[in-house]
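**Student:** Sending over a structure as structure tokens; questions will come in a sec.
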Amino acid sequence: MSTTTPTSTDPAVTLTEPPREGHRTGAVLAMARFEARELLLQAPMLFLFALYVGFAALRLMSNDGMDDFPVLNTVDRRTQMTPMLFAVALLICANSAALRSRKHGTVQQLGVLPMEPWRRTLAHVLSVIPYAAATALVVAAEFTWEALKPGAIGYGSFGELAVGPLVVLVAGIIGVLLARLLPSTFVPILFVIAVYLLSIMASALVGNEGTWAGWLSPILFGDSGGGDPVPADLLGRPAGWHALYVTGVCVLLACVALLVSGGRTRAVKAATALALAVTAVGVIGQLPRDTAALEAARRTASETPQKVQSCTTHGGSTYCSFSEWGGVRSDWAEVVDRVQSLAGGAAADARLTIRQRIDTSGGVEVDGALTPSATPGLVTVGTRWGGNRVPEFAVGVAAVLVGGSEDVTTRNMCDARGVTVMWLVLGADPTPLATFQNVRLDDTISGSGEVLAPTNGLSMTAAQTTVVRELLDRPRAEMTARVKAHWADLTSAKTTTAQAAKLLGVKVPKEAEECGE
């Protein structure tokens, strides 16, 4: 729009009206769209995003049995580390895009354009948002895939799921900020190396997410659900506050980039103040609270789980678990019914108590064997289910049916009882030889070996292994009838493995008994 003003010396002078604010906003958004497309054409971005999506898909498609029963409070944290390489690529490429005018020597030309430098910086900041959104879509797809499985256990946390996309957003904004503070192509690489080294040093000195200081890092290096899961309320992770904190950091860094570029408008200053407040609230929200109550809850769940568990009855046996695992009890019952159907004597109708147990004495989510219980009829089950955990649980059930309690495996069972336990585990299994191999620590079905269980495992001699394999080669109905007919002898510590073979009508093993103290 222009106006014409007559003067004595110049008949007409044309005055140009400054662009309206709406036009400026449209120009910023147009530049942001252009820069987002340019980022997409960068080889590191394409390659690492494809690698990230491929890795996520591969993990979802892998199936070792336990993936059929995902614990959702560990699934949400598994989505946090995989976007890291993509975040590094975005940091470097966003920095390169913001330095394009300097590299091409067009800074002076851009200086005569109507768009101020801080608005161009804002466009670069906005250009990284689509990639954080794309990361969020991948994270949502990963979690939804696991959550929709019929065996999914518990629930996830939005705060945990937000970490991956927010870290990608932080990385992109840092790339733009570094371009304004230290305009050099080597700075992003040095920054990434420095952050990595500092994170290692911090983890070694003060720990990471296990301490309050660890939560001040947007990236939570460290444990992400690698050990045995625990109920979500025992984790003590301020995930929601952390997501709020990282969101505040994102806005704050963006505002700093705008201020450095000359954007000292009221809106930018107000956004900076708001971002500071949000970041401070997030920091305060992550402060440790009532740690004594959390530790007490963990001790209760570990030492006296019956106080915080609910139970159901199926087929005469009682199944007790933490609330999040209530839907898995029917799967436990199927295994108990299958094992108990092969037992004889009083064990065939024994009323068992299946109790879920965890051990938090060394911290939460740690891998460690649970102490066998001496309580008669009590069978331990862990917080992982599916895959090898199923036959391992069957070993625990069979050991209690044969020996009366779990701690029988702490004593020598190089007699008929070891053969009987393994028959109960494998006799009704659809793939007995494969299960036999998987449940043994050495993954073999010959010689001596250790059989895994939820608590203390079972040591098998070479003679016992031979007899069990002979049993699996015979008709199941015949062997089941023989086991039930000779139940009292087969569950006696006085009956040797050779005698058990004779009772069951199979060849006596040539291997020595090899009973230790």
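**Student:** What size of dipole, in debye to the nearest 20, comes out for the chain about its Cα centre when the only charges are +1 on Lys and Arg C-beta atoms and -1 on Asp and Glu C-beta atoms?
**Tutor:** So the dipole magnitude of the chain works out to roughly 1420 debye.
**Student:** Want the number for E116 to L216: 0.36 nm per residue separation, take away the alpha-carbon distance, what's left?
**Tutor:** Values: separation 100, 0.36 × 100 = 36.00 nm, distance 3.39 nm.
Taking 0.36 nm per residue and subtracting the Cα distance, the gain is 32.6 nm.
**Student:** What nm value, rounded to one decimal, do you get for the distance between D489 and M81 when each label is placed 7 Å out toward the C-beta?
**Tutor:** With each label point 7 Å from Cα toward Cβ, the separation is 5.4 nm.
**Student:** Check T353: other-chain or 5+ apart residues with amide H under 5 Å from its amide H, H built from backbone geometry?
**Tutor:** T318, L378, V379
**Student:** For region 163-177, in order, what is each residue's ³J(HN,Hα) by Karplus, 6.51 cos²θ - 1.76 cosθ + 1.60 with θ = phi - 60°, in whole Hz (x at glycine and Pro)?
**Tutor:** Computed from phi, the couplings for region 163-177 are 4, x, x, 5, 5, 4, 5, 4, 4, x, 5, 4, x, 5, 4 Hz.
**Student:** HN-Hα J couplings of region 288-294 from phi, Karplus 6.51/-1.76/1.60, θ = phi - 60°, integer Hz, Gly and Pro as x?
**Tutor:** Going residue by residue, I get x, 10, 6, 5, 5, 5, 5 Hz, with x marking Gly and Pro.
**Student:** How would you classify region 346-443 from its alpha-carbon gyration tensor, with a ≥ b ≥ c the square roots of the eigenvalues: rounded for a/c under 1.5, else prolate if a/b is greater than b/c, otherwise oblate?
**Tutor:** oblate
**Student:** Moving to a separate point now. Keeping every protein chain in place, order K507, K484 by accessible area at 1.4 Å, biggest value first, i.e. largest first.
**Tutor:** Of K507, K484, the descending order of accessible area is K507, K484.
**Student:** While we're looking at this one, here's another question. Leaving out ligands and nucleic acids, note down the accessible area per residue over the chain with a 1.4 angstrom probe, in whole Å².
**Tutor:** 47
**Student:** So what is the 222 nm mean residue ellipticity for the chain from helices alone, if each DSSP H run of at least 4 adds -39500 (n - 2.57) and you divide by all residues, rounding to the nearest 500 deg cm²/dmol?
**Tutor:** Calculated from helices alone, the mean residue ellipticity at 222 nm is -17500 deg cm²/dmol.
**Student:** Provide R299, R264, R338, R469 ordered by accessible surface of protein heavy atoms (probe 1.4 Å), highest first.
**Tutor:** Descending order: R264, R299, R469, R338.
**Student:** At a probe size of 1.4 Å, how large is the accessible area of Y319, to the nearest 10 Å²?
**Tutor:** Estimated to the nearest 10 Å², Y319 gives 0 Å².
**Student:** Something else about it: Could you tell me which of A267, A347, G315 has its Cα farthest along the dipole of region 265-349 towards the positive end, charges placed at Cβ (Lys, Arg +1; Asp, Glu -1), taken about the Cα centre?
**Tutor:** Looking along the dipole axis, the top candidate is A267.
**Student:** Using a/c under 1.5 as the rounded threshold, could you call region 385-494 rounded, prolate or oblate? The axes a ≥ b ≥ c are square roots of the C-alpha gyration tensor eigenvalues, and prolate needs a/b larger than b/c, oblate otherwise.
**Tutor:** rounded
**Student:** Also, quick follow-up: With unit charges on the beta carbon (Lys/Arg positive, Asp/Glu negative), name the residue among I284, N456, G248 whose Cα is farthest towards the positive pole of the charge dipole of the chain.
**Tutor:** G248
**Student:** If you don't mind, there's one more thing I want to ask. Please identify which residues in region 394-410 have an amide N closer than 16 Å to a label point set 7 Å out from the Cα of T375, following the Cα→Cβ vector.
**Tutor:** Taking a point 7 Å out along Cα→Cβ of T375, the residues of region 394-410 whose backbone N falls under 16 Å are 397, 400-401, 404-408.
**Student:** When the Karplus curve 6.51 cos²θ - 1.76 cosθ + 1.60 is applied with θ = phi - 60°, which whole-Hz ³J(HN,Hα) does each residue of region 311-320 get, with x for Gly and Pro?
**Tutor:** 10, 10, 10, 9, x, x, 9, 10, 10, 10
**Student:** Restricting the count to DSSP beta bridges whose residues both fall in the chain, what percent are antiparallel, rounded to a multiple of 5?
**Tutor:** Antiparallel bridges make up about 60 percent of those DSSP assigns within the chain.
**Student:** Let me ask something else about it. According to the Kirkwood expression over distinct Cα-Cα pairs, how big is the hydrodynamic radius of the chain, in Å? Intermediate results must be reported in sequence, preceding the final value.
**Tutor:** Numbers: mean 1/r = 0.0365 Å⁻¹.
About 27.4 Å, per the Kirkwood formula over Cα pairs.
**Student:** I want to check the label-to-label distance for T185 and R33. Put each point 7 Å from Cα in the C-beta direction and report it in nm to one decimal.
**Tutor:** Inter-label distance under the simple model: 3.0 nm.
**Student:** Let me ask something else. Efficiency by 1/(1 + (r/R0)^6): what FRET value for V366 and R266, r their Cβ-Cβ distance, R0 = 51 Å, to the nearest 0.05?
**Tutor:** So, using R0 = 51 Å, E works out to roughly 0.45.
**Student:** Continuing with the same structure: Stretch R351-A293 to full length: gain in nm at 0.36 nm per residue minus the Cα-Cα span? Spell out each step's value before the answer.
**Tutor:** Details: separation 58, 0.36 × 58 = 20.88 nm, distance 3.53 nm.
Going from the current span to full extension adds 17.3 nm.
**Student:** Further question: How about K494: which lysines have a C-alpha closer than 28 Å to its C-alpha, ignoring those fewer than 8 places off in the same chain?
**Tutor:** K484, K502, K507, K510
**Student:** Near W118, within a Cβ-to-Cβ distance under 10 Å, what is the net charge of the other residues, with Lys and Arg +1 and Asp and Glu -1?
**Tutor:** +3
**Student:** Just grab the label-to-label distance for R338 and T144, each label 7 Å out from Cα along the Cβ direction, in nm (one decimal).
**Tutor:** For R338 paired with T144, the spin-label model returns 3.3 nm.
The values are calculated or read from the model by the stated rules, or taken from the named source; none is laboratory data. Quick caveat, the model's predicted, so the values are computed rather than measured. Cβ coordinates were reconstructed from backbone atoms using ideal geometry, including for glycine residues, and neighbour counts include every protein chain displayed. Surface areas here come from the heavy atoms of the whole protein model, side chains and all, with no ligands, DNA or RNA. Shrake-Rupley method; radii C 1.70, N 1.55, O 1.52, S 1.80 Å.
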